[in-house]
Every structure is written in C-alpha cells, then in structure tokens.
C-alpha cells in the first residue's frame with residue numbers, strides 16, 4: 001500500500017534523523033538505566049530478588065508485547081501523532097515511577113512506561129524509511145538509527161550510575177521528563193506527517209493475538225531460568241505463545257487488509273534479518289543486566305564505577321556500527337550479519353567460561369569487545385535487510 005508523507009527538504013532530513021535518534025535514545029536507554037539502581041532499590045524500597053527482576057522486565061515485556069499493535073496503529077492514525085502520544089505517555093509515567101513508594105508501584109509504572117515506548121519506537125523507523133527513500137541514504141540513516149539504539153543500551157548503566165552518585169534513585173527515571181519535553185517540541189517542528197493512504201479497518205482479534213503471542217513468549221523467556229526451561233510452567237507458556245502465533249497467522253491470512261501481511265515471512269531476507277536482530281538484542285539486554293549486577297553485588301563496586309566499567313561496550317559498539325553498512329554493501333549482508341552473530345557468540349563464550357569472583361577486568365573487556373563489535377555488525381545491516389525486503393507502505 002502506498003504511504004503519504006509530507007515533502008521533506010534535504011536540509012530537513014538531517015534534522016528529522018537527529019530528532020528520531022534522540023527519541024529512540026531516551027526510550028532504549030531506559031531499558032538498562034535502572035540496572036545500576038537495583039541495589040539502591042533493595043535498601044530504600046525493600047525490593048526482593050523477584051521485585052528487582054520485574055522492575056527491569058515489566059518495561060521490556062510490555063514494550064515488546066505492544067510493538068506490533070502500536071506499529072499498526074501508527075500506520076492507520078498517523079505515525080507522527082502516535083509518536084507524540086507515546087513520548088508524552090513515556091514522560092508522564094516516568095515522572096510517576098520516580099516517586100513510587102513500593103516495589104509493586106514501581107513495577108506498575110514501569111509497565112506503563114512500556115506502553116509509551118511501544119507507541120513511539122516503531123513510528124520512528126516507519127517515519128525514517130518514508131523520509132529517506134533512496135536506497136543508499138536509507139541505508140545510512142538506518143545505520144545511524146541502529147547505532148543509536150545499541151549505544152543507548154550500553155550507556156544506560158553509566159548514565160544511571162552518574163545520576164545515583166549525585167541524586168536520589170528516582171533521578172534515573174525523572175531525567176526522562178525534560179529530555180522528552182524537548183523531543184516533543186522538536187518532533188512537532190521538524191518531523192513530517194506520515195500514514196498509509198489506505199485506511200484499514202481496526203483488527204481487534206489480530207491485535208489481541210499479536211499481544212498475546214509476543215507477550216507470553218517474552219514472559220516465558222524471562223521466567224524460563226526461574227521455573228526451569230523444561231518445567232510445566234515454561235512448557236505451557238511456550239505452547240500458549242505458539243498457539244496464539246499460529247492463530248494470529250491463520251486469522252491474518254483470512255483478512256483482506258491484515259494488520260500484518262504474514263506473507264513477508266516467506267522472504268528469507270526479511271525473516272533472517274528479524275531473527276538476527278531479535279537474538280542480538282535479547283542477548284545484549286541480558287548481558288548488560290548480568291554484568292552490572294556482577295560489578296555491584298559480586299565485586300562490590302558503587303553504581304557509578306559499575307557503570308563506567310561498561311563503557312568499553314558502548315565504545316566498541318559505536319566504533320563498529322558506522323562501518324557495518326559499508327561492509328554489507330561491499331561483501332554482502334549475509335556475511336556481515338553472520339560474522340556479527342559469531343562474534344557475539346565468542347563474547348558470550350568468553351564471559352561464561354571465565355566468570356568468577358576475581359575474573360580480571362581485561363578478560364571482561366575482551367568479552368565486551370566481541371559482543372559489542374558483533375552487535376554493531378548485526379544491527380544496521382539486518383535492519384536494512386528487513387526494511388529493504390518490504391514493499392513500499
């Protein structure tokens with residue numbers, strides 16, 4: 001389906017990209033910025049181990065579960081407007097979360113923040129590919145967007161550590177409010193309107209099924225280590241996610257104007273790119289969560305020092321991402337993405353085989369090098385492969 005986008009000048013494109021990347025940065029940053037605050041939350045809110053896990057994961061669970069539905073909403077109602085609503089909700093719930101009086105309250109507000117993030121995030125990429133239409137400029141823009149996302153994940157701990165060193169624990173959340181306020185003004189001024197020309201009817205069943213399939217799957221992955229991967233709880237959760245997914249595909253194939261054209265998964269370029277990005281980010285979020293807790297609970301470092309010790313990850317990711325698109329153009333996306341996944345696997349192997357109370361920091365940096373460099377090689381080329389394999393809409 002064709003897409004309507006208001007005209008954008010060459011000069012305005014750079015401003016649009018900057019605003020989109022800034023918006024993505026603050027939302028993705030929030031996925032890891034609270035990690036270094038967890039020991040503080042144990043002391044000040046009396047959070048249990050289970051509470052700590054869900055303070056982090058409630059945001060990710062809702063964010064991931066609503067992505068597909070939120071993207072469809074942007075296509076129907078207008079991506080700029082949905083992005084603005086998402087940013088406003090994200091700021092509102094961030095402010096409320098910062099003043100939570102109990103772990104349960106904080107978990108609830110973090111989940112609500114995931115709603116705002118889900119509304120905003122897919123809109124940024126949809127706007128980007130409709131503004132940057134030439135293949136080469138689109139690839140460059142996606143590379144910058146992807147690098148921003150990866151950098152935000154890696155910089156979350158050091159940002160949170162600095163804030164905790166100077167302010168109270170809620171600062172890691174309330175900092176979102178002024179940043180998003182500036183982003184909202186910038187979006188209103190420079191981001192063009194964009195939506196599908198063909199207004200599709202709302203698909204309530206497809207929406208519910210997509211949320212159920214993704215949400216239950218993410219929950220099963222999060223809770224798998226707790227209950228055991230082969231436990232009845234985990235197996236039932238994976239079975240429920242599979243059933244919801246199969247039903248979703250069956251339902252969407254019957255509709256004249258589906259929420260998601262499931263036939264795109266027959267394109268292996270799209271499917272492989274989606275799988276690569278998904279696995280890379282699951283691994284990334286998991287590593288950042290574990291390494292920040294290792295530095296604080298095992299090594300006894302403060303929040304700021306723990307955050308600083310994750311900075312090499314951000315440096316390696318930022319160094320690799322800009323050259324990934326050029327490498328993909330020269331030697332092929334498949335080779336670059338595969339190499340990136342292999343590098344990430346090597347990094348995880350190094351971390352798993354050497355993890356101990358007194359593991360030398362240099363060894364951890366080596367693991368970070370392989371993981372972060374691999375992420376940089378995967379993200380931009382795989383995202384470009386996904387978007388480039390789709391028909392214009």
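Averaging sequence separations of C-alpha pairs under 8 Å and six or more residues apart, then dividing by the length of the range 204-257, give the relative contact order as a whole percent. Walk me through the numbers on the way to the answer.
Working: 37 pairs, mean separation 25.6, N = 54.
Once divided by the residue count of the range 204-257, the mean separation gives 47 percent.
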Comparing 324, 343, 352, which has the greatest mean-square fluctuation in the GNM of the chain with Cα pairs linked when under 10 Å apart?
352
Could you tell me which of rounded, prolate or oblate describes the range 142-212, using a ≥ b ≥ c as the square roots of the eigenvalues of the alpha-carbon gyration tensor, with rounded for a/c under 1.5 and, failing that, prolate when a/b is larger than b/c and oblate otherwise?
prolate
Rounded to the nearest 10 degrees, what's the angle between the helix 311-331 long axis and the longest principal axis of the chain, both from Cα atoms, 0 to 90?
30 degrees
Only Cα pairs under 8 Å and at least 6 apart count here; give the relative contact order of the chain as a rounded whole percent.
24 percent
Which of 227, 166 has the fewest Cβ neighbours within 10 Å, and the rest in rising order
166, 227
When the chain is treated as a Gaussian network with springs between alpha carbons less than 10 Å apart, the largest mean-square fluctuation among 300, 161, 108 is found at 300
How long is the gain from residue 236 to residue 263 if the chain were fully straight, where each residue apart is worth 0.36 nm and the alpha carbon distance is subtracted?
7.0 nm
Here D for the range 35-79, in µm²/s, from Stokes-Einstein with a Kirkwood Rh over Cα pairs at 20 °C and 1.002 mPa s, works out to 173 µm²/s
Report, to the nearest 10°, how far helix 135-166 tilts away from the longest principal axis of the Cα atoms in the chain, using its own Cα long axis and a range of 0 to 90°.
30 degrees
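With each run of n ≥ 4 DSSP H residues scored as -39500 (n - 2.57), what mean residue ellipticity at 222 nm is computed for the chain after dividing by its residue count and rounding to the nearest 500 deg cm²/dmol? If you can, show how the numbers build up before the last one.
Values: 15 runs with 311 residues, N = 393.
When only DSSP H runs of four or more count, the value is -27500 deg cm²/dmol.
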Can you tell which of 354, 193, 310 shows the greatest fluctuation in a Gaussian network model of the chain with Cα springs below 10 Å?
354
Considering the Cα trace of the chain, what is its radius of gyration and what is Dmax, both in angstroms?
20.4, 60
If you line up the long axis of helix 176-190 against the longest principal axis of the chain, both from Cα atoms, how many degrees apart are they, to the nearest 10?
20 degrees
Which order do peptides 313-321, 271-279, 234-242 fall in by mean Cβ count within 10 Å, highest first?
313-321, 271-279, 234-242
Restricting to Cα pairs under 8 Å and 6 or more apart, the percent relative contact order of the range 14-118 works out to 35 percent
Pairwise centroid distance, computed over Cα atoms, of the range 200-267 with the range 284-340, Å:
29 Å
Cα shape, the range 214-348, gyration tensor, a/c 1.5 rule:
oblate
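Read the figures in this text as sums done on the coordinates, not as results from a lab. Source: prediction; values computed, not measured. Note that each Cβ is placed from the backbone with ideal geometry, even for glycine, and that neighbours are counted across all protein chains shown.
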